[in-house]
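Peer 1: Below is the structure I would like to discuss, written out as C-alpha cells.
Each reported figure results from applying straightforward, stated rules to the coordinates on display, with no laboratory input. Quantities reported herein were computed from a predicted structural model and do not represent experimental measurements. A quick note on method: Cβ atoms are made from the backbone with ideal geometry, for glycine too, and the neighbour counts reach across all protein chains shown.
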Amino acid sequence: MDIEYEEIEVRNQRTKRGSCSTTGALGLNCRLMMAPPDVIDYIVIHELAHLREQSHTSAFWSFVAEHDPSYEEHAEWLEESSTKLIFSHEDL
C-alpha cells in the first residue's frame, strides 16, 4: 500500500474495530484476533486508507477496493458477526 504510519495501538474496545488518527496512529481492537484473517486485513486496509482519505468518499472506497477487492463481503461479515468477538460476558 506504500503508506507509512507512526504506531499501532491495540485496545479492548466495546464498539470500535479500528481507528486512525491524523498523526498516523492506528488503533486496532484486540477482539479482531478472533476474526477471520481476511477480515482483519480489511480493517487494517480500511484504517490505512484513512491516512490518504480521511472521509468515506468514493476515492476512499476505490482505494480500499484496490487493496481488498472483497471488502464489501468482509464489512458485511463484521456487521453480522462482530458481536460474537467477545472474550467473556463482561465484554458485552
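Peer 1: Kindly identify the chain as rounded, prolate or oblate by the Cα gyration tensor criterion: order the square roots of the eigenvalues as a ≥ b ≥ c, call it rounded if a/c is under 1.5, otherwise compare a/b with b/c, prolate if a/b is larger, else oblate.
Peer 2: Values: a/c = 2.19, a/b = 1.38, b/c = 1.59.
Here the chain falls in the oblate category.
Peer 1: To continue, here is another question. Under a point-charge model restricted to the Cβ atoms of Lys and Arg (+1) and Asp and Glu (-1), what is the dipole moment magnitude of the chain relative to its Cα centre, in debye to the nearest 20? Don't skip to the end; give the middle numbers.
Peer 2: Values: 7 positive and 18 negative charges, 82 e Å.
With Lys and Arg at +1 and Asp and Glu at -1, about 400 debye.
Peer 1: Neighbour counts of other C-beta atoms within 10 Å: give me 44, 10, 39 arranged from fewest to most.
Peer 2: So the ranking, lowest neighbour count to highest, is 10, 44, 39.
Peer 1: Still on this structure, I have one more. Looking at region 1-56, which GluC sites (Glu not before Pro) are DSSP coil and have at most 13 other C-beta atoms within 10 Å of their C-beta?
Peer 2: Values: sites: 4, 6, 7, 9, 47, 53; in loops: 4, 6, 53.
Those that pass, being in a loop and sparsely packed, are 4, 6.
Peer 1: Mind listing the long-range amide H neighbours of residue 10? Cut-off is under 5 Å, sequence gap 5 or more, other chains count too, H placed in the peptide plane at 1.01 Å from N.
Peer 2: Counting only residues 5 or more places away or on other chains, the set is 28.
Peer 1: Can you work out the PRE-style zone for residue 10? Point 7 Å along Cα to Cβ, and I want the residues of region 25-50 with backbone N under 17 Å.
Peer 2: Inside the label zone: 26-45.
Peer 1: Return the calculated 222 nm mean residue ellipticity for the chain, to the nearest 500 deg cm²/dmol, obtained by summing -39500 (n - 2.57) across DSSP H runs with n ≥ 4 and dividing by the residue count.
Peer 2: Working: 3 runs with 34 residues, N = 92.
Only helices count here, giving -11500 deg cm²/dmol.
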